[in-house]
1. Mind counting the residues in segment 113-127 that are modelled with pLDDT of 60 or more and out of contact with any Asp or Glu (no Cβ under 8 Å at 6 or more places or on another chain)?
2. Residues of segment 139-153 being in a helix (DSSP H, G or I) and touching a residue at least 12 places away in the same chain (Cβ under 8 Å), which ones?
3. Could you list all residues from segment 38-82 that are of a type in the set (D, E) and under 18 Å from the mean Cα position of the chain (by Cα)?
4. What do you reckon, is A19 at pLDDT 70 or above and more than 22 Å from R167 (Cβ to Cβ)?
5. Suppose the filter is at pLDDT 85 or above, farther than 23 Å from F130 by Cα and open to solvent by 40 Å² or more (accessible area, probe 1.4 Å); does R77 pass it?
6. How many residues are assigned to a helix (DSSP H, G or I) and touching a helix residue (DSSP H, G or I) at 6+ places or on another chain (Cβ under 8 Å) if we restrict to segment 31-47?
7. Residues being under 16 Å from A174 (Cα atoms), open to solvent by 20 Å² or more (accessible area, probe 1.4 Å) and assigned to a helix (DSSP H, G or I): count how many of those fall in segment 50-70.
8. Which members of segment 160-177 meet the condition of being under 8 Å from the mean Cα position of the chain (by Cα) and either over 23 Å from I140 (Cβ atoms) or not in a helix (DSSP H, G or I) (or both)?
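The values are calculated or read from the model by the stated rules, or taken from the named source; none is laboratory data. This structure is a prediction, so every number in the text was calculated from the model and none was measured. Cβ atoms come from the backbone with ideal geometry, glycine included; neighbour counts cover every protein chain shown. Just the protein is used for accessible areas: all its heavy atoms, side chains included, with ligands, DNA and RNA removed. Shrake-Rupley method; radii C 1.70, N 1.55, O 1.52, S 1.80 Å.
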Amino acid sequence: MEERLADVSLAAQAASGNAARAEGLLVAFAARRALEQGQPLGYVEGQLRLRFGQAQPRAVATIINASREPVTLPDLRAGLDAISPSLLGTGTGVSWWQAMKTELGQLVVIRESATPSPLPEQRLERARRFVDAGRIAAAIGEVSQMPGRSSAEGWIQLARRYNESRRALDLIEAAAILEPRQIRTGAGDVVDTPSPLAP
């Protein structure tokens with residue numbers, strides 16, 4: 001009878017831990033959905049702090065800060081389209097001398113056939129495709145190699161904020177699955193059973 005009670009107690013603890021992990025993942029997914037839609041976190045903010053505040057305090061702070069000034073993929077795409085004339089060196093603030101130097105510099109381009117084209121128009125097109133695919137780090141790399149990159153500082157900062165918030169969400173999701181001893185249940189209790197997915 002004692003052995004059966006011990007087995008039932010262990011099974012109940014494991015079920016409680018799995019439920020806490022599932023709840024943690026639901027909170028992480030709700031935070032991700034809110035950020036992707038550019039909406040405030042609302043009640044999810046309190047749940048993030050409660051469940052992950054001790055396990056991942058920096059990630060929680062990053063997510064909360066990002067939700068107060070949200071950046072979405074459509075925002076990044078629209079921003080990139082808005083600064084594209086300046087990036088290409090053809091904007092209204094470009095002197096005729098600078099425009100002529102840019103044109104002359106593009107007359108002859110020598111590169112290996114396997115490397116991507118360094119022409120600004122091609123870089124801009126690749127950056128747009130990267131933004132559409134959610135590969136923001138690659139888009140930042142393309143934009144920072146363009147002739148008018150100084151006009152893109154604001155866009156690059158927004159893109160980096162977007163990237164940081166998504167990395168923080170990834171950390172929260174990983175913590176919910178792999179670090180159960182550091183997360184908390186909705187009641188604030190520490191989860192004390194290991195995850196079946198943990199190494």
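1. Taking segment 113-127 as the starting set, the residues that turn out to be modelled with pLDDT of 60 or more are 119-127.
Filter once more, so that each one left must be out of contact with any Asp or Glu (no Cβ under 8 Å at 6 or more places or on another chain): 119-122, 125.
So the count comes out to 5.
2. Kept after step one, since they are in a helix (DSSP H, G or I), are these residues of segment 139-153: 139-143, 149-153.
Correct list: A139, I140, E142, V143, R149, S151, A152.
3. The initial filter retains those residues of segment 38-82 that are of a type in the set (D, E), namely 45, 69, 75, 81.
Matches in segment 38-82: E45, E69, D75.
4. Working: at pLDDT 70 or above: yes; more than 22 Å from R167 (Cβ to Cβ): yes.
Taking the combined requirement at face value, the residue satisfies it.
5. Values: at pLDDT 85 or above: yes; farther than 23 Å from F130 by Cα: no; open to solvent by 40 Å² or more (accessible area, probe 1.4 Å): yes.
Answer is no for this residue.
6. At the first step, the residues of segment 31-47 found to be assigned to a helix (DSSP H, G or I) are 31-37, 43-47.
Subsequent filtering for residues that are touching a helix residue (DSSP H, G or I) at 6+ places or on another chain (Cβ under 8 Å) retains 31-32, 34-36, 44-45, 47.
Number satisfying all stated conditions: 8.
7. Within segment 50-70, the subset under 16 Å from A174 (Cα atoms) is 51-60, 62-63.
Okay, now just the ones that are also open to solvent by 20 Å² or more (accessible area, probe 1.4 Å), so 53-54, 56-58, 62.
Okay, now just the ones that are also assigned to a helix (DSSP H, G or I), so 57-58, 62.
Of the residues in that region, 3 qualify.
8. None; the set is empty.
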